[in-house]
Amino acid sequence: MGGELEASDQLPQIDPLGEHEDTEQVLDQAIKDLRGALDESKSPAGSTIGQSSGDPGDSRINRNLVMSIPVSVQVVLGTVEISLSELMDLKQGSTVGLNRKLGEPIDIVANNQRIARGEITVIEGDPPRFGVVLTEVIEN
């Protein structure tokens, strides 16, 4: 049967609109598992993680490849909850008050999970930039 796929060869169908509502939990668990695998590994940079049993289904992860995956990090000054009408009334020059006091530590977030806290600082340069001095790193 030429190029036809049998039922067992087809990829599973995923409903992106709700079949996997716990996607964030799955991703968080995958990150924790990956961190554990990297922490348990005593291998030098560039080597692989995991033991290959010779089974073609086994996969080996290149540490350099994993460690080069980009992660978006956000610095959260604060949050606010406002009504839709207040949101629609915002215009240039409007001021939005946040839930943090001046001088209070700010959150550093990756994958919607707080990973550290810190204080805002100015990094000298041309032009000067904002930065964050870490005051606390959150342990899992």
- Taking segment 60-74 as the search range and keeping residues that are surrounded by 10 or more Cβ atoms within 10 Å (Cβ to Cβ) and not hydrophobic (A, V, I, L, M, F, W, C), which one is modelled with the highest pLDDT? Gln74
- Residues (part of a loop (DSSP other than H, G, I, E, B) and either loosely packed, with under 10 Cβ neighbours inside 10 Å or of a type in the set (Phe, Trp, Tyr) (or both)) located in segment 82-105: Ser83, Lys91, Gln92, Gly93, Ser94, Thr95, Gly97, Lys101, Leu102, Gly103
- Based on what the data block shows, is Ser94 over 18 Å from Lys32 (Cα atoms) and at pLDDT below 85? no
- Item | Qualifying positions in segment 113-140 - polar (S, T, N, Q) and touching a residue at least 40 places away in the same chain (Cβ under 8 Å) | Gln113, Asn140
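The values are calculated or read from the model by the stated rules, or taken from the named source; none is laboratory data. A quick note: this is a predicted structure, and the numbers were derived from the prediction, not measured. Cβ: placed from backbone, ideal geometry, glycine included. Neighbour counts: every protein chain shown.
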